[in-house]
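Notes follow the structure.
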Amino acid sequence: MNARPTASLVIVDGGRFLALRRAVEPMAGLWETPGGFCDGFERPRDAAAREGREELGVEVRIDDFIGMYVGAYEFQDERLPVLDCFFFASLDVSAIRLDPAEATEMTWFDLADPPKMAFSTMDEALVDAARLQKSLLSAK
């Protein structure tokens, strides 16, 4: 079975990142980064922007690519392989309108010390995001 592509956002503000509390299974109630599955032939970068609009109700600017991570997703009693593509993103935080079908709340966490996330690929991506952000900031 081939891995299914997904696209996710790491929205940063200084040294912190935006996390959403999942409203749906699998992993309902746990923290996640905004994102979801790519549609058909949709490019991951485009899917990331679309997922941001759908989940946060605001236009999202896709910034630097963080990386790709192989993981798993439980769907209809089946464990599916996924290839999660993560991007840094920015948006007007004051305009966020959470989709209650997707998330019950949002909060900011320290990027250098994130909580356990809903999916292992998010844990991996946040470690790399913290490292990349540090190197990007020191290069300026």
Net +/- balance of residues flanking V58 in space, Cβ distance below 10 Å, scoring K and R +1, D and E -1: -1
Order these by the 10 Å Cβ neighbour count, fewest first: S94, S135, S8, S120. S94, S135, S120, S8
Counting other Cβ atoms within 10 Å of each Cβ, which GluC sites (Glu not before Pro) in the range 1-96 have at most 15 and sit in a DSSP loop? E42, E59
Please work out the C-alpha center-to-center distance from the range 1-61 to the range 70-130 and express it in whole Å. 6
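Please compute the net charge surrounding W108, taking Lys and Arg as +1 and Asp and Glu as -1 over other residues with Cβ under 11 Å from its Cβ.
Taking every Cβ under 11 Å from that of W108, the sum is -1.
FRET efficiency for L137 and E74, Cβ-Cβ distance as r, R0 = 35 Å, nearest 0.05? Let's see the in-between values first.
Values: r = 37 Å, r/R0 = 1.05.
E between L137 and E74, to the nearest 0.05, is 0.45.
Would you mind ranking T104, T6 so that the residue whose beta carbon has the fewest other beta carbons within 10 Å leads the list? It would help to have the intermediate numbers written out before the result.
On the way: T104 14, T6 24.
Lowest count first: T104, T6.
Taking a ≥ b ≥ c as the square roots of the Cα gyration tensor eigenvalues, with a/c under 1.5 meaning rounded and otherwise prolate when a/b beats b/c, else oblate, which class fits the range 44-101?
On the way: a/c = 3.25, a/b = 1.45, b/c = 2.24.
The shape class here is oblate.
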Indicate, rounded to the nearest 5 percent, the antiparallel portion of the DSSP beta bridges found entirely in the chain. 75
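Normalised by the residues of the chain, what does the relative contact order come to in percent, with Cα pairs under 8 Å and at least six apart?
Working: 289 pairs, mean separation 44.5, N = 140.
Contact order relative to length: 32 percent.
All of the numbers you see were taken from the coordinates with simple rules; none came from a lab. Because the structure is a prediction, the values reported are computed rather than measured. We place every Cβ from the backbone using ideal geometry, glycine too, and count neighbours over all the protein chains shown.
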